[in-house]
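Each remark here refers to the structure printed beneath this line.
The values are calculated or read from the model by the stated rules, or taken from the named source; none is laboratory data. Since we're looking at a predicted model, the values are computed, not measured. Note that we place each Cβ from the backbone using ideal geometry, even for glycine, and neighbour counts take in every protein chain shown. SASA here: full protein model, heavy atoms, side chains in, ligands and nucleic acids out. Shrake-Rupley method; radii C 1.70, N 1.55, O 1.52, S 1.80 Å.
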Amino acid sequence: MNPTQVSTVVADPASVADAIGSRFSCRAFHRDKPVAREQIEELLALARRSPSGTNTQPWKVYVLQGASRDALVDKVCAAHDAIYADPARAAEFREEYDYYPEKWVSPYIDRRRENGWSLYGLLGIAKGEKDKMHAQHQRNYRFFDAPVGLMFTMDRVMGRGSLMDYGMFLQNIMVAARSHGLHTCPQAAWNGFAKIILPHIGASDSEMLVCGMSLGHAIESEPVNSFHTPREPVEGFTRWLD
Ligand SMILES: Cc1cc2nc3c(=O)[nH]c(=O)nc-3n(C[C@H](O)[C@H](O)[C@H](O)COP(=O)(O)O)c2cc1C
């Protein structure tokens, strides 16, 4: 065991709690406030300390900025618009793994609905305002204006457990971002567009898209960033067995 790890004392536990507690899904970023490459490298260097089954480290990261980011945004927004104009075209795009259940049941469907309607309510979007919903959903494919877009892939041969490992890696990036004053939004919205994204980023045929993520500086005054999502109390999901 590395002696510096085993003997390290977290001198300021409150900072750890603040970093975890202040992470939220940011949906409005300053387009013109760049993130230095060194900062992104630091986040990734910290996140690579994430645990993974038998230390397999299944993550592969693509960092998009500048022209590569903008070109991907254009391509995916065009596809998203094409599906809106002709919903039958959705069949051309499919996710490579099921992120969500095929059949929704309570309490998950209730939480999902509450989440969606609370967000739209905050944005002044009413039921049936399809154009507005489409435009808001499309903000995903503009990385919510973040200057940095991250795409995450893993080898298709890996098992489902690697997605667990991946979740820890993603969370570590998001928590580490807080120590740089940065915010993030993890995004499964990109998953259906893998056939556009994978060639764009130069991923090999053996890779599958896990998800995307927006990274940058949050616009504090944007109402969408005041969206504070609820959580079940600890006793709601914990059984103590003595
Ligand atoms: C893997 C993953 C994918 C997500 N995909 C999206 C997405 O595509 N678009 C989006 O706006 N939010 C996305 N979210 C954010 C969730 O809606 C959010 O985490 C949840 O509502 C809790 O809110 P919080 O992150 O602000 O605490 C995703 C979250 C995770 C963990």
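Being in contact with a Cys (Cβ under 6 Å, 6 or more places away or on another chain) and within 19 Å of Glu41 (Cβ to Cβ) is not true of Phe169.
Just one of the numbered conditions (1) away from the ligand (no atom under 15 Å from the Cβ); (2) touching a His at 6+ places or on another chain (Cβ under 7 Å) is not true of Ala177: (1). Residues to consider are Gln65, Gln39, Gln57, Gln5; find the one that is farther than 14 Å from Leu150 by Cβ and either touching a helix residue (DSSP H, G or I) at 6+ places or on another chain (Cβ under 8 Å) or modelled with pLDDT of 95 or more (or both). After ruling out the rest, the residue left standing is Gln57.
Within region 174-230, how many residues are part of a strand (DSSP E or B) and open to solvent by 30 Å² or more (accessible area, probe 1.4 Å)? If you could, list the steps in order and put the result at the bottom.
Of region 174-230, the ones part of a strand (DSSP E or B) are 183-187, 207-216, 218.
Filter once more, keeping what is open to solvent by 30 Å² or more (accessible area, probe 1.4 Å): 186.
Summing the residues that are part of a strand (DSSP E or B) and open to solvent by 30 Å² or more (accessible area, probe 1.4 Å) in region 174-230 gives 1.
Residues in region 231-242 that are modelled with pLDDT under 95 and either surrounded by 10 or more Cβ atoms within 10 Å (Cβ to Cβ) or within 16 Å of the ligand (Cβ to nearest atom) (or both): none.
Can you tell me which residues in region 93-109 are closer than 19 Å to Trp190 by Cα, charged (D, E, K, R) and without any contact (Cβ under 8 Å) to a residue 12 or more places away in the chain? Even if it seems obvious, please write down each step before you answer.
Just the residues of region 93-109 that are closer than 19 Å to Trp190 by Cα, to begin with: 93-102.
Adding the requirement that they be charged (D, E, K, R) leaves 94-96, 98, 102.
Answer for region 93-109, where residues must be closer than 19 Å to Trp190 by Cα, charged (D, E, K, R) and without any contact (Cβ under 8 Å) to a residue 12 or more places away in the chain: Asp98, Glu102.
Against the condition farther than 19 Å from Ala177 by Cβ, within 15 Å of the ligand (Cβ to nearest atom), surrounded by 12 or more Cβ atoms within 10 Å (Cβ to Cβ) and modelled with pLDDT of 95 or more, how does Ile83 come out, does it pass? Criteria not met by Ile83. The residues of region 70-106 that are of a type in the set (D, E, K, R) and either more than 22 Å from the chain's Cα centre (by Cα) or in a loop (DSSP other than H, G, I, E, B) (or both), listed by number, are Asp86, Arg89, Glu92, Arg94, Glu95, Glu96, Asp98, Glu102, Lys103. Within region 1-42, if we keep just the residues that are farther than 26 Å from Arg142 by Cβ, surrounded by 11 or more Cβ atoms within 10 Å (Cβ to Cβ) and among the aliphatic types (A, V, I, L, M), the residue that is nearest to the ligand (Cβ to nearest atom) turns out to be Ile20. For the condition under 21 Å from Gly192 (Cβ atoms) and either in a helix (DSSP H, G or I) or not charged (D, E, K, R) (or both), Asn115 qualifies.
Just to be sure before I move on: is Val9 assigned to a helix (DSSP H, G or I) and not small (Gly, Ala, Ser) in the structure I sent?
no
Considering region 126-173, the residues that are within 17 Å of Tyr84 (Cβ to Cβ) and in contact with a helix residue (DSSP H, G or I) (Cβ under 6 Å, 6 or more places away or on another chain) include one that is surrounded by the most Cβ atoms within 10 Å (Cβ to Cβ), namely Tyr141. Do we find that Ser25 is within 19 Å of the chain's Cα centre (by Cα), under 24 Å from Asp145 (Cα atoms) and of a type in the set (Ser, Thr, Tyr) in this structure? So Ser25 fits the description; yes. For region 182-207, the tally of residues that are more than 24 Å from Asn172 (Cα to Cα) and away from the ligand (no atom under 16 Å from the Cβ) stands at 7. Can you tell me which residue is nearest to the ligand (Cβ to nearest atom) among those in region 144-172 that are within 10 Å of the chain's Cα centre (by Cα) and of a type in the set (A, V, I, L, M, F, W, C)? The residue in question is Leu170.
Examine region 128-150 for a residue that is closer than 28 Å to Asp205 by Cβ, among the hydroxyl-bearing types (Ser, Thr, Tyr) and in contact with a strand residue (DSSP E or B) (Cβ under 8 Å, 6 or more places away or on another chain), and state whether such a residue exists. No.
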